[in-house]
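To start, the structure itself, in structure tokens.
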Amino acid sequence: MLMRSIVVSDIHAKTSTAELVNKAAEKHGADNILVLGDVSNFGPVSVAVEYISLLKKPVYAIPGNCDPRNFPQAVAKVATDMHGRTVTIDGMKIAGLGGSNPSPFDTPFEISEDEIFSALDAICDDVSILMVHAPAFGHLDRIPNGMMVGSESIRAIVDKYRPKVVLSGHIHEERRIEIDGGTMFMNPGSAKEGYAALLIVEDGKATAELLVL
């Protein structure tokens, strides 16, 4: 089993980055592109559909908190909608949930912690890769003032099911990779700022590299 994925997040309507993502996918021999949300910048959803339509590999996508609520339905026409859903690739289960836990900013796609836990608990048994927009509390979730703002429910799901990989965006400053308890946590950074990542899963072992587009 071998899967090579380009991981992108936080595009924030900078459609010109699609060409750079395609070049990275070609260069690294990617099988697919995993999109972690905030494709638009507070809508409209047509921006997200247009962006994803420009990508030349199969796309698996979740919304971010700055995407409109109809993102999953609209994007399903041009990609695999992963919001509250799973796919299995070569026996490897991938689960996704977009949006974010509540914030002080009342952004369009925020979800209560109870809803986050219920949605993920229903789909995360035997999960290998978890795609979320918001990070798990305590992992890649520190904002510049030092506060950790990740989701307690995502953290509880990670602790319960221990996926091999947790992919998140949302916190632009936390562009990095960390390993904890056998789980790799990765934030590819903001594509709007010229960042992405390469994820390789081969025979159950995950490796990753942060990329500059």
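Taking the stretch 84-106, which residues are under 14 Å from the mean Cα position of the chain (by Cα) and under 18 Å from V39 (Cα atoms)?
Selection gives G84, G96, L97, G98, G99, S100.
Does N41 satisfy the condition of being of a type in the set (S, T, N, Q) and crowded, with 19+ Cβ neighbours inside 10 Å?
Judged against the criteria, N41 is not a match.
Report, by residue number, each residue of the stretch 159-208 that is basic (K, R) and either in contact with a strand residue (DSSP E or B) (Cβ under 8 Å, 6 or more places away or on another chain) or farther than 19 Å from H28 by Cα (or both).
If the condition is that a residue be basic (K, R) and either in contact with a strand residue (DSSP E or B) (Cβ under 8 Å, 6 or more places away or on another chain) or farther than 19 Å from H28 by Cα (or both), then K160, R162, K164, R175, R176, K192 are the ones that fit.
Within the stretch 44-64, how many residues are over 21 Å from V201 (Cα atoms) and buried (at least 24 other Cβ atoms within 10 Å of the Cβ)?
4
Please enumerate the residues belonging to the stretch 168-213 that are surrounded by 15 or more Cβ atoms within 10 Å (Cβ to Cβ) and assigned to a loop (DSSP other than H, G, I, E, B).
S168, G169, H170, I171, R175, P188, G189, S190, L213, listed by residue number.
A short reminder: the numbers here are calculations on the coordinates, not readings from a lab. Predicted model only: the values in this text are computed from it and were never measured. Ideal geometry is used to build each Cβ from the backbone, glycine not excepted, and the neighbour counts take in all protein chains shown.
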